[in-house]
1. What are the residue pairs meeting all of these: first residue in segment 91-102, first residue more than 9 Å from residue 45 (Cα to Cα), second residue of a type in the set (Lys, Arg) and surrounded by 17 or more Cβ atoms within 10 Å (Cβ to Cβ), Cβ atoms under 7 Å, and 6 or more apart or on different chains?
2. Would you confirm whether any residue within segment 24-45 is within 13 Å of the ligand (Cβ to nearest atom), assigned to a helix (DSSP H, G or I) and either buried (at least 23 other Cβ atoms within 10 Å of the Cβ) or basic (Lys, Arg) (or both)?
3. Out of all the residues in segment 376-391, is one or more assigned to a strand (DSSP E or B), in contact (Cβ under 8 Å) with a residue 40 or more places away in the chain and within 12 Å of the ligand (Cβ to nearest atom)?
4. Which condition number does residue 263 fail, the rest of (1) open to solvent by less than 60 Å² (accessible area, probe 1.4 Å); (2) not assigned by TED's automatic domain parsing to the domain that holds residue 457 being met?
5. For a quick check of your reading: which helices (runs of 4 or more DSSP H) sit entirely within segment 400-489 and have at least 3 residues that are farther than 22 Å from residue 271 by Cβ?
6. Does segment 291-312 hold any residues that are of a type outside the set (Lys, Arg), away from the ligand (no atom under 16 Å from the Cβ) and open to solvent by 10 Å² or more (accessible area, probe 1.4 Å), and which are they?
7. Out of 396, 405, 391, which single residue is within 24 Å of residue 230 (Cβ to Cβ), open to solvent by less than 20 Å² (accessible area, probe 1.4 Å) and either out of contact with any Cys (no Cβ under 9 Å at 6 or more places or on another chain) or of a type in the set (Phe, Trp, Tyr) (or both)?
8. Which of the numbered conditions does residue 158 fail, given that it passes all the others? Conditions: (1) out of contact with any Lys or Arg (no Cβ under 7 Å at 6 or more places or on another chain); (2) in a loop (DSSP other than H, G, I, E, B).
Amino acid sequence: MKILFVASECAPFAKTGGLGDVVGALPKALHALGMDVRVVLPLYAGIDWNGLDRLEGTLGVPMSFGTAWCGLRMGRLPGSDVPIYFLEHRHYFDRPHLYGPPGEAYDDNLERFTFLSRAALELCKALGWIPDVLHANDWQSALVPVYLNTVEWAQPLHGSASIYSIHNLSYQGVFEPGAIPVTGLGFEHLNAHELEHFGTLNLTKGALYHATLLSTVSPTYAREIQTGAYGAGLDGVLRERSGDLRGILNGIDATEWDPATDPRLAARYDARDLSGKAICKVALQREAGLPERPEVPLLALVGRLVGQKGADVLAAALPRILAWDLQVVLLGTGDPDIERHLTWLAGAHRDRFAAWIGFDDARAHRIEAGADFFLMPSRFEPCGLNQLYSLRYGTLPIVRATGGLADSVVQYDQTTGEGTGFRLDDLNPDSLADTIGWALATWHQRPTHVAAMRRRAMAQDFSWARAAADYRAMYLAAYERRRGHPYRG
Ligand code: ADP
C-alpha cells in the first residue's frame, strides 16, 4: 500500500510541537508493517542540506498567478528507509520561522501552504507514484483532500483516498474569504458545506468535508471536539461526520525517550532498578540551583506556556503550592505575560521554584528523568506527549482528565494502589493545588504505592507499532470507501 504524508512539520527536520513528532515517527512504524510510506515537507531554513540528494529537474506547481517552480531534495527519516521529499522554494520557506515570529503569522501563509498542498500532488505525478492514500495533517495541508475532489477530478490522483488528521483543532487556517483565489479554487467552493465558515475562509472545514476519513490523536479528543466546549466552532461539522472520525492515541519515539539508554542523563535506569533516577533527581536539583534534597518531592512542567496547557492556572495556584515543602522546575516558552509572571514567582521563591524560559530538548529529557511528578493541567489536550514520556521515565503525571491525558493516565486508587497518575476534572487553581496536595500526601504516606505506580507506568506500551496497526486499518477502510472495493494488494 502506498501512503504519502503531507505535513508542515517532521521531526527532527522541523518541529514546533506534537505534529512534528507524529510525522517523524508514524511513517517509520507503518513502513515496518510493510507499507510504501513517503513524506513531503518544505525545505525550511535551518534544515541541514548535507546528506540530502538533489533530485533532477524542477517541479512546476500551478498557483493562482501561474506556475511556481521548486527544486526537490530527498533524504530518509533518520534510522529508516522512509523517503522524505523536500520542496525547495527559497521565497516561501527560507525564513527564520515556520509560520511566523512568535505570536504572529506570515502574511502569505495561505499562499505558502497552498503551495505545499498543491506541490505534494504534483510531486506524485512527477514521480509516477500514485498513492493509495494521501494523509494530510492540520490546516497547512488541509487543501489536499479538497484538491483531490476538485482540481484532480478525473485525473490520476482522483482514485486516491484521503485522510485528514487533526492534531490541534484550535489552529484551523482561517483567512479572509476574498483570498480564496490564492488557493486556485473558485468562489463556488466558498459555501457553508466546504470552505466558508461564518464569513471566513476556513481550510480545516474544507478538509472535514472532503477527506475520505478523518482522525485525531486520541479517542477522548475525538469525542470532545464534537461538543461545543471543545469543537472550536467546528463541532457541528464534526458531528455530521461522526461515523467517519477515529481517535488513535499517538505513540512515542521509544528510542529517543528511553531512560535505560538516554545519553543526556546523569545516570540511566529502568523499571527493575530505579537507583539511577535518584541520581538524575540530584543532578536536576543542582542544574536548577535548588537545594539537593532527595527526600523532597520534585514537580516539573515542560511545554508551551499558554492557556491550552493551563499555564495560567498553574501560575495562579503556585503561591499556595509553594508554601509547601516541595520543589518545582519549569521549562517552556509562550505567552509573554505568563512567562513574566512565572519568572517573577521563581525569583520570589528561589529555594523552591526554578523557571527556565526557553526551548531545550536535552533539558526536557533531564527534567523527565529527574522529577518525581509531572504537571499537565491542560484546558484541552489532543493527545499530549509529555505525559507519555513521563510515564516511561517513571515520573507520575498530574493531569487534567481531558483528551489524550484521560486516555493515557489511569487515576490513582488509594484503596488498591492501582493507577499511573493523579487526575483532576475541574480546572481551577484550587482543584489543581488540591490534586497536587493529594499526590504529595501519597508520596509521604504511601511510598510503596508510589513505587508500584512508577513501575507500572514504566511498563505501559505507548509504542508507535500499536498506533500504526490502527492507522493501517483506517487506510484500508478509506481505500475501500474511495474505490468501492477492498484493497487487494
Ligand atoms: P503540543 O504539541 O501541544 O505543544 P505535546 O505534549 O503534544 O504538546 O508535544 C510537545 C513536544 O514539544 C514534546 O516533545 C515536548 O517535550 C516538547 N517541548 C515543548 N516545550 C518545550 C521546551 N520548552 N523545551 C523542550 N521541549 C519542549
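The values are calculated or read from the model by the stated rules, or taken from the named source; none is laboratory data. Quick caveat: nothing in here was measured; it's all calculated off a predicted structure. Positions of Cβ are backbone-derived with ideal geometry, glycine not excepted, and every protein chain shown enters the neighbour counts. The protein model used for the area step is the full one, side chains on, heavy atoms only, and it has no ligands, DNA or RNA in it. Shrake-Rupley method; radii C 1.70, N 1.55, O 1.52, S 1.80 Å.
1. If the second residue must be of a type in the set (Lys, Arg) and surrounded by 17 or more Cβ atoms within 10 Å (Cβ to Cβ), the pairs left are 92/112.
2. Among the residues of segment 24-45, at least one is within 13 Å of the ligand (Cβ to nearest atom), assigned to a helix (DSSP H, G or I) and either buried (at least 23 other Cβ atoms within 10 Å of the Cβ) or basic (Lys, Arg) (or both), which makes the answer yes.
3. Yes, the conditions are met somewhere in segment 376-391.
4. So the condition that residue 263 fails would be (1).
5. Correct list: 403-408, 429-445, 464-483.
6. The answer is 291, 292, 294, 295.
7. The conditions single out 391.
8. It fails just one condition, (2).
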